[in-house]
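The values are calculated or read from the model by the stated rules, or taken from the named source; none is laboratory data. Remember, it's a predicted structure, so these values are computed and weren't measured experimentally. Cβ sites come from the backbone with ideal geometry, for glycine too, and all protein chains shown count toward neighbours.
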Amino acid sequence: MIDAMSDPLFDRFGREFEAGHVLFREGEPGNVMFVIQSGVIRLTKHVAGEDKSLAFLGAGEFLGEMAILNAKPRTATAVVEEGPARCLVIDAQTMEVMVKKNAEIALRLIKKLSKRLDSADALIEILMHRDPKARVLLALVRHAEEYGEVTEQGIALRSTGEDLAKQVGADVEVADQLLGRLRRLRLLHVTSDGRPLVPDLSRLEEFIEFLEQPKQPGDT
């Protein structure tokens, strides 16, 4: 169900959405979920007067299932970031039938939900850091690992420095200073459309490990 959708399924449940289209808004009631076949969907949440990016979901991912599982309002807003996005739009009754009839679908649903819990835990751990630069740096790695677009030059983030700063409660100026330092160290580049690009994720992770090492007596 999740990884390989056939044309008959799209003929029955499929819809296509252009970039900028809002699939649903935070606080609205929800009676359908979306399974992404192509395109990228951005999830945002309104916190302290600002919209903070939570995740970027691509082909094979699904969203909107929680509202129909627990009959509660949408907890985030979903907007097509890169379109056109082809999605299967599945209502609660259809999803229930699919899960009951196919154990593989149920297992994949559980695995996806478990992965989201892990991602939420990772974000909470990042937010526990007192140093705002550390929060931005760790968020940068998280977004590269989970939502980045692999290119010949490296991993291009779909988030801007401002997005990262907002998500972890840091000033945009702090994020800009940090990203500028990473560029000078050649640990970060900028794409032609202004997005951060990590040329070598392992080098960036090694840099973080070095920063996190406890200082020895006499170190400055």
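Taken as a whole, the condition of being in contact with a helix residue (DSSP H, G or I) (Cβ under 9 Å, 6 or more places away or on another chain) and at pLDDT 90 or above does not apply to HIS129. The residues of the stretch 1-47 that are assigned to a strand (DSSP E or B), modelled with pLDDT under 90 and of a type in the set (Lys, Arg) amount to a single one, LYS45.
Got a sec? Which of LEU107, LEU69, LEU123, LEU63 is modelled with pLDDT under 80 and either out of contact with any Phe, Trp or Tyr (no Cβ under 8 Å at 6 or more places or on another chain) or under 18 Å from PHE34 (Cβ atoms) (or both)?
When all the criteria are applied, what remains is LEU123.
In the set (1) closer than 24 Å to GLU96 by Cα; (2) at pLDDT below 85; (3) assigned to a strand (DSSP E or B), the condition left unmet by ASP51 is number (1). In the stretch 75-97 there is at least one residue that is surrounded by 13 or more Cβ atoms within 10 Å (Cβ to Cβ), in a loop (DSSP other than H, G, I, E, B), assigned by TED's automatic domain parsing to the domain that holds GLU26 and of a type outside the set (A, V, I, L, M, F, W, C).
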